[in-house]
Amino acid sequence: MTSIATVLFNGVAYGMLLFIMSVGLSVTLGMMNFVNLAQASFSMFGGYIVVLVVQRLGLPFLVSLPIAFIIVGLFSIVIERLVFRHFYGTDDLTQVLLTIGLVFMSISTASYFFGGTYQRIDMPAWLSGQRDIFGLTLERYRIFIVVSGAILSLVLILGLERTKLGGMVRACVDNPRAANGCGLNTQMIFAVTFAIGGGLAGLGGALSANLLGIDPNFPLRYLVYLLIIVSVGGMGTIGGTLIAAVTLGVADVAGKYYFPSFGGFVIYAITIAVMLWRPRGLLGRTA
């Protein structure tokens, strides 16, 4: 029988995947005031890139991860320059309709090229199987995800929230003319921000391919989860996104394991409770 500690660890690993996929959405929503629901499609794109790189080209799994990050990041810049930048400053409904349309376009594209079945990835031997740690039998791949997520979250907090980049992005959002007058290249800053957010979504999808499976319906399955995490954690805050993702990941895994009949209800109950308590999220900034 699975121990409580093992269930909690699996929930943390699941939460780390959700964090990597959702943190870019938190940045674009909180810092750039743009509702990018296509973030889930970027994650699916990263998953398919890993499938192609590992299964078709035969490259190592670790090599496929930065490739997914870079390709999806570059692709997000293209989408931002060609489409998104024309909708900055528009109302939320317009942005939602635009990006949800891109989601359905991505689903159709993935179905055309890859079919409707789940894609398989052969993991290296050192990431397969289980390992005993402190008396617990844990899957090696989940350990890898937890360690990778912890390192990435630390890099993001120190690299984005503690540097000038986040301040420059908010300055460009609050008053683009003043930011341009101060010498800031607003278009370049927005493009770089989207590239980072899109690349992280692609990396999250790449890491999810083995654990969650990649198929054309991936964006629809996890879009709601990403929105919940951003709302609960607070838009524009990486630390809040991490706390929300891990909490909801543990709640979802534990709820579905111990209460299979209504386990999916748990995360929505937590979301409603947090929103009633703190409408801006756990660490959301005051407008």
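Here are some residues: Gly198, Gly159, Gly181, Gly167. Which one is in contact (Cβ under 8 Å) with a residue 12 or more places away in the chain and not charged (D, E, K, R)?
Residue meeting the stated conditions: Gly198.
Please specify each residue of segment 134-166 satisfying the condition of being modelled with pLDDT under 75 and surrounded by 12 or more Cβ atoms within 10 Å (Cβ to Cβ).
Within segment 134-166, Gly159, Leu160, Glu161, Leu165, Gly166 meet the criteria.
The rows are residues; the columns are (1) surrounded by fewer than 14 Cβ atoms within 10 Å (Cβ to Cβ); (2) closer than 24 Å to Thr193 by Cα; (3) of a type in the set (Phe, Trp, Tyr).
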site: Glu80; (1), (2), (3): no, yes, no
site: Phe84; (1), (2), (3): no, yes, yes
site: Phe87; (1), (2), (3): no, yes, yes
site: Asp92; (1), (2), (3): yes, yes, no
site: Leu102; (1), (2), (3): no, yes, no
site: Met105; (1), (2), (3): yes, yes, no
site: Ser108; (1), (2), (3): yes, no, no
site: Phe114; (1), (2), (3): no, no, yes
site: Thr117; (1), (2), (3): yes, no, no
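Out of (1) touching a residue at least 40 places away in the same chain (Cβ under 8 Å); (2) under 16 Å from Leu203 (Cα atoms); (3) of a type in the set (Val, Ile, Thr), what's the single condition that is false for Val63?
(1)
Part of a helix (DSSP H, G or I) and β-branched (Val, Ile, Thr) - does that describe any residue in segment 208-226?
The answer is yes, given that some residue of segment 208-226 is part of a helix (DSSP H, G or I) and β-branched (Val, Ile, Thr).
Take the residues of segment 244-287 that are closer than 24 Å to Leu29 by Cα and of a type in the set (Gly, Ala, Ser): which is surrounded by the most Cβ atoms within 10 Å (Cβ to Cβ)?
Ala245
Can you find a residue that is crowded, with 20+ Cβ neighbours inside 10 Å and within 25 Å of Ala110 (Cα to Cα) anywhere in segment 234-243?
no
Kindly indicate which of Gly24, Gly15, Gly47 is closer than 29 Å to Gly255 by Cβ, in contact with a strand residue (DSSP E or B) (Cβ under 6 Å, 6 or more places away or on another chain) and either of a type outside the set (Phe, Trp, Tyr) or free of Cβ contacts under 8 Å to residues at least 12 places away in the same chain (or both).
Gly47
Considering (1) closer than 30 Å to Tyr112 by Cα; (2) of a type in the set (Ser, Thr, Tyr); (3) modelled with pLDDT under 85, say which one Thr237 fails and leave the rest.
Of (1) closer than 30 Å to Tyr112 by Cα; (2) of a type in the set (Ser, Thr, Tyr); (3) modelled with pLDDT under 85, only one is false for Thr237: (1).
What are the residues in segment 3-18 that are modelled with pLDDT under 90 and in a helix (DSSP H, G or I), if any?
Ile4, Ala5, Thr6, Val7
Here are Val250, Val266: which of them is in a helix (DSSP H, G or I), in contact (Cβ under 8 Å) with a residue 60 or more places away in the chain and aliphatic (A, V, I, L, M)?
It is Val250.
When you scan segment 173-186, how many residues do you find that are modelled with pLDDT of 70 or more, in a helix (DSSP H, G or I) and in contact with a helix residue (DSSP H, G or I) (Cβ under 7 Å, 6 or more places away or on another chain)?
The number of residues fulfilling the criteria is 3.
Within segment 207-234, count every residue that is touching a strand residue (DSSP E or B) at 6+ places or on another chain (Cβ under 9 Å) and modelled with pLDDT of 90 or more.
Going through segment 207-234 one residue at a time, the tally reaches 3.
Test Gly73 against the criterion of being within 30 Å of Tyr258 (Cβ to Cβ), touching a helix residue (DSSP H, G or I) at 6+ places or on another chain (Cβ under 7 Å) and either among the hydroxyl-bearing types (Ser, Thr, Tyr) or in contact (Cβ under 8 Å) with a residue 40 or more places away in the chain (or both), and give yes or no.
no
Against the conditions (1) under 18 Å from Val232 (Cα atoms); (2) small (Gly, Ala, Ser); (3) out of contact with any Ser or Thr (no Cβ under 8 Å at 6 or more places or on another chain), where does Gly58 fall short? Just the number, please.
Against the list (1) under 18 Å from Val232 (Cα atoms); (2) small (Gly, Ala, Ser); (3) out of contact with any Ser or Thr (no Cβ under 8 Å at 6 or more places or on another chain), Gly58 comes up short only on (1).
When you scan segment 272-284, do you find a residue that is part of a helix (DSSP H, G or I) and either in contact with a Pro (Cβ under 6 Å, 6 or more places away or on another chain) or under 23 Å from Ser43 (Cβ atoms) (or both), even just one?
no
The values are calculated or read from the model by the stated rules, or taken from the named source; none is laboratory data. What you see is a predicted model, and the numbers here were worked out from it, not measured in a lab. Note: ideal-geometry Cβ built from the backbone for every residue, glycine included; neighbour counts use all protein chains shown.
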